Each structure stands twice: as C-alpha cells, then as structure tokens.
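Undergrad: Quick one: the structure is below, questions incoming.
Bear in mind that the values in this text are calculations on the coordinates, not laboratory data. Here the structure is a predicted model, which means the values were calculated and not measured. Every residue, glycine as well, gets a Cβ built from its backbone with ideal geometry; the counts of neighbours run over all protein chains shown.
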Amino acid sequence: MDAVIRSPQIISIVVLLFVLGLDAGAQSSADRDKLRMAQTYERSGDLRSAARLYQELHASSPTLDSYFQGVVRSLSGLQQYASLAPVVEEQMKIAPSVNTAILAGTLYARLGDMAAAENWWKKAIELSDDDETTHLLIGAEQSQLMLHAMALRSYKAARSINGDALAYCDEIGQLSAVTGDLKTAAREAVAMYGLDGDLVRVQRRLSILLSYDGGAEAISTELDLMTNNSTDVLRLRQWFYRQSKAWQKALDVTAQLDQMTKPRGQELLLFADGARMDDQYDVAIEAYSIIMKENSEQRYRMSAAYGSARALEQKLRRTDKITHQEAKIVVERYDDIISQYGQHPIAAEALYHSAILEDDVIGNMDGARERLMRLLNQWKGTTVSSDGALRLADIYLAMGRDADAISTLRGLASGPSVIVSDRADLARLRLADLFLWNGNLDSARSYYAPLAAITGSVASNDALDRLLLINLAQDDSATVIAIASAEGLLVRRHYRDAALQFVQAAASAKDNDLRDRARMNGAVAFIELHDDVSAEPLLVEILKGIPETIYGDRSLSLLADIQVRRGDTPSALKILNSLLVNYPRSILVPGVRDRIRVLRGDA
C-alpha cells in the first residue's frame, strides 16, 4: 500500500520546497541564458562584455566555480589584473583552494607586489601540505613571469620532495643556465640525456649553453666525467667536439663509433663529408684515409677516395695559390677513381672535376676537352655531363671553334628537360650571347626575353642583365656594341684585347651604368692577366658611385680578392664588411659571410 503523508508540518515543508524549487528553476534558467551569452561574447573576442556578464553571475552565485573561472579568463584576457586580484582574494574566503592561492600570487607578481605574491604562494603550499605538484605549478608560473631564480627554487623544492636526484633535470637545467649557473646547467642536461637518450633535445639545451662565455668549458667538464663509452655518450661527445671546433677529438670519437656500429665505415664517411662541407679539409682527408686503409667494402672505399680528392682540391683552391704541380696531384687521384670505378656515376664526377683543373689551373685546354668529350659520351643526359657540355662549349669558343661550340650548346638545349632544364637554359643563354657579341642586338633580345621570363631559372638574372645592356643601346648604341664585343672576347679568353676595349668603352660611355659595366669587366680582364695594379683603379672608380651604382657589390668583392692576394687580410675584411652594409640584399651576401668567417679564422 502506498504511504500517505498525514503530518501537517511535513506537508507544509513539502509545499515550501516546491515553491522554492520553482523560484530556483526560474533563476537557474535566467542564469543559464546569461552564461550562454557570456560564453558567446568570449568566443567572439568581446572580452569586456563577457567579463561584465561573468562578474554579474559570480556576484549572484559566488560558490559556482564556472562563473568564477569565467571572470578569471575574461579579466586576464583584458590584462585587468588589478580588478581581478580582489575577486580572487574574496574567492579564497568563500572557497579556499591551492589553485586559487597560486593564481592570487601570480596576479600580485604581475602587479609588481612581490611580497604579496610570495605570501600567496606560501599559502598555496600550506594548503597543499607541502605537496610536490604545488611547487611544480608555482615554478611554472614563476618561469612564465621570468622570475627565474624563484622558479629554480620551486623546482628544486619539488625535486627534494620527490626524492629522485634527477627529477625535473630539464627544468632545473634550463633555469640554471638563465641564472648563470652553467656548471649545474650542463650537469642537468647531461643527466637528462642519460635518462631519456634524446640526443636532439640535449643538443638544443647544450647549444644554448655554448652561447654563454664559459659554456663550452662547463660542458667539457661534464663530458669528461662520463666514464661510459656507449654509443649514446660517444655521439654526444662527437656533436660537442664538432660544435666547439675540436675537430681532431671529434675524429677520434668518430673512429670509436665506427668500430662499434655497422656497417663499418658509415660513421667515418658521414663525418668526413661533414668536415669537408665545413671547410675542415685536413681532418676530412684524415677520416677518408682511415676508411681507405681499414675498410674492405668497395662502396665506402670508393666514396672515400672521391671525397679525399675533392677535399684536397678544395683545400688547395681555398688558398688562391694552387700550383700546376698540386693540380696534377689531384688530377692523378681523380684518374685513379676513373680507372677503378669507371662504370660508377662517381667516375663522371671525377672526369668533370679533373677537366676543370686541367683547364683552369694547368692550362691544358686540349686535355680538358678530351676529358669532357669522354664525359659527354659515357654519361649523356646526366647533370654532371650537362655541366661538362657548358664548359666544353666555352673551351671551343676559346679555341675559335664556334661551330663545335654551337653544336654542343644546341645538343644541350634540346636535351631531356626534366633532367637538365637549368643547364638547357644556360645553353640557350650562351647561344643568345653569340648574337650579342656579334652586334646582332635584335636577335639577341628575342633569345633573352623568354629566358628572363622563366621565374627561378638560373639563366633568368643573366638574361635580364643582357636585356638591360641592349636597352641602353637606344641612347648609346656604339658603346653597347663595343662592350658586348669585349664581353665576347672575355669568354674567348682574349683578355688583353678585352681589357683595352673595356677601358675605351668606359671612356666613351654616356650612361653611368654602361661606364661602370665596362670598368668592372675591364677589371676582370686585367685580373685574368694577373694585373691587379691595372684592375684596382677601375674598381675604385666604380665604388665612388655607391650607393647608386648597380655594380658596387661585385666591385667590392673583386677588390677584396685583390687585397687577399696581397696578403692584406684586414683591408679585405673591411671591404667585405662594407659590401654587407651597402648591399645587404645582394646575391653575393651568403658567400661573403663565409669568406669573412674564413679570413677571420672562425672556420
């Protein structure tokens, strides 16, 4: 049988609760509408309207956390910390919590009241009974506020509670670096690496330390304390020695790594190639030599033989004083590669580079031509053979064999576009040059125009340069034709005739750009004749036109070369720095920065 309520008092209470429930439901419905409106304002970015509604809701129901959090978000977004702080303090009276106390501390820190901030953070720790997580939360807030010393203490307190001597080593290490304790920073970073083996992350941490005075020494000390010679430890040491330019130590560690890993030779080859790219030719050659001496696998021996020859050539060329005899030694190394690995693409590279040495340094055009013809016959359609075809065409022009040059260029221009598109454009550029040199400006223009329109083509800038010259013929056709003819003589290596013709053109030019172009190319011709004394005045005249002259960057670069050849490194550095200042957007800038680094001995 259903129960029946008979007591009048109970009936009265039920009725009262029902009425109150209706009122509460009505109030809740209104609040829900206001909450939805506040959330809509917040999502749309209207934080002022959102803050007003959230504060109204919080005032009516201060115990509801969702309203309080809305006030915190909106006022924080408006950076109205002074308005938010008393609201948070009042909330601590209504519903005290660790997170609210931490928030109060953060707000007062933002307002610059550090005494109040520290008191609130201490309150949070007390409320949590000195909980580890609370110290971490406070430390994270302090880190964001750039209160590094305080954050460091918070993380150390969390570590102490945790009991693990390596807990939070990443955070403590980073904060130690910022506060100047480099030894601790290095120790924590290395400890972190021991825990997770994340080489990339520890490299990032240690890279920051290397930017500080004394950072390298601190890292070195920690690495020396590591007695474990596992591959992980060796890789970290290898990286550090390379970063700190201790190349011999880096090679020693790499040799150890190579002994411990498979396939043998891979670590040394990667290291040697990297060292060569960083202009560390001696250590690269030594690494290549170890491979050739100790490794029996052909692919590594072949790559090492080629890398060694390239490193030696690059080392000699870097001095600007490579002799015929030195060049012949390198050519012999390339010939060994060609004879041993004739069917491998690396032989094509060896053919090309040996031909360039024969032509540029030894002065044996016939020998260079024979090598390049062999390259084209055996490796047709490859990128390196296309480069060889371009050089072969210029050799034919220097020999006066224009028909052979044109045939070679046309063959390249009609080659497979997917493989040699850039080289094909360069071939078309040289074919257009032939018209220009002969004074046939209209035909030359028709060739240059489509090349100039190819965005990203290696030939487009040169084509634009030639078109600029042709356009100047409207006011001074005689000088333009004279300069074009002299540029042809330059390519044909008739340097003395070219130099004299450029000097004459500079004297007769009506346009400043024409005059500077003639002067710069005249200087190039004199430099090819090893006559820096005649080249220098032409370059100096161009530099008087800075910043208006468009040839200033190239002239500065050539003038710096002259100073280097004279052994005047300070003057060369001064000139190169002037180039960076006056022509910051020049295409020469990346190479200039590398040259400055080498001249300063920073490599």
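Undergrad: Evaluated at 4 °C with a viscosity of 1.567 mPa s, what Stokes-Einstein diffusion coefficient in µm²/s does region 474-603 have when Rh comes from the Kirkwood expression over alpha-carbon pairs?
TA: Numbers: Rh = 15.1 Å.
Translational D for this selection: 86 µm²/s.
Undergrad: When all alpha-carbon pairs of region 368-448 are counted, what percent fall beyond 16 Å?
TA: Values: 1554 of 3240 pairs.
The proportion of pairs with Cα distances above 16 Å equals 48 percent.
Undergrad: For region 397-402, what does the Karplus curve 6.51 cos²θ - 1.76 cosθ + 1.60, with θ = phi - 60°, yield as ³J(HN,Hα) per residue in whole Hz, taken in order and with x for Gly and Pro?
TA: Each residue of region 397-402 in turn: 5, 5, 7, x, 9, 4 Hz.
Undergrad: A further question on this structure: Counting alpha carbon pairs within less than 8 Å and at least 6 residues apart, what relative contact order, in whole percent, applies to the chain?
TA: Numbers: 696 pairs, mean separation 22.9, N = 603.
Worked out over the chain, it gives 4 percent.
Undergrad: Shifting gears a bit: What does the helix-only formula give at 222 nm for the chain: each DSSP H stretch with n ≥ 4 adding -39500 (n - 2.57), the total divided by the residues, and the result rounded to the nearest 500 deg cm²/dmol? Working shown, then result.
TA: Details: 32 runs with 476 residues, N = 603.
For the chain, the value works out to -26000 deg cm²/dmol.
Undergrad: Next question. For region 252-310, what's the relative contact order in percent, using C-alpha pairs closer than 8 Å and at least 6 residues apart? If you can, show how the numbers build up before the last one.
TA: On the way: 58 pairs, mean separation 16.8, N = 59.
Here the relative contact order equals 28 percent.
Undergrad: So what are the three principal axis dimensions of region 280-355 from its Cα atoms, in whole Å, longest to shortest?
TA: Result, largest extent first: 36, 26, 16 Å.
Undergrad: Right, something else. Could you state the angle between the C-alpha long axis of helix 231-243 and the longest principal axis of the C-alpha atoms of the chain, as a value from 0 to 90 degrees rounded to the nearest 10?
TA: In the chain, helix 231-243 runs at an angle near 60 degrees to the longest axis.
Undergrad: Here is a follow-up. Average the reciprocal distances over every distinct pair of alpha-carbons in the chain, invert the result, and give the Kirkwood radius in Å.
TA: Working: mean 1/r = 0.0316 Å⁻¹.
Averaging 1/r across every pair of different Cα atoms and inverting gives 31.6 Å.
Undergrad: Rg and Dmax of region 111-160 over Cα atoms: what are they, in angstrom?
TA: 10.2, 30
Undergrad: How would you order 381-388, 458-465 from highest to lowest mean count of nearby Cβ atoms within 10 Å?
TA: Averaged packing, sorted descending, gives the order 381-388, 458-465.
Undergrad: Also: Run a plain Debye calculation on region 496-549 (Cα atoms as equal point scatterers, no solvent) and give log10 I(q)/I(0) at q = 0.16, 0.21 Å⁻¹, rounded to two decimals, same order as the q list.
TA: The calculated log intensity ratios at q = 0.16, 0.21 Å⁻¹ are -0.40, -0.66.
Undergrad: For Arg32 paired with Ser446, estimate the spin-label separation in nm (one decimal), with each label point 7 Å from Cα along the Cα-to-Cβ line.
TA: The modelled label-to-label distance comes out at 8.2 nm.
Undergrad: Charges only on Cβ, +1 for Lys and Arg, -1 for Asp and Glu: so what's the dipole of the chain about the Cα centre, in debye to the nearest 20?
TA: Numbers: 67 positive and 80 negative charges, 125 e Å.
My answer is approximately 600 debye.
Undergrad: Return the whole-Å distance between the Cα centroid of region 556-597 and the Cα centroid of region 232-301.
TA: 32
Undergrad: How much FRET efficiency would the formula 1/(1 + (r/R0)^6) give for Gln256 and Tyr212, where r is the Cβ-Cβ distance and R0 is 41 Å, rounded to 0.05?
TA: Values: r = 29 Å, r/R0 = 0.70.
After rounding to 0.05, the efficiency reads 0.90.
Undergrad: Nearest 10 degrees, 0 to 90: what angle lies between the long axis of helix 8-44 and the longest principal axis of the chain (Cα atoms)?
TA: Here the helix axis deviates by roughly 20 degrees.
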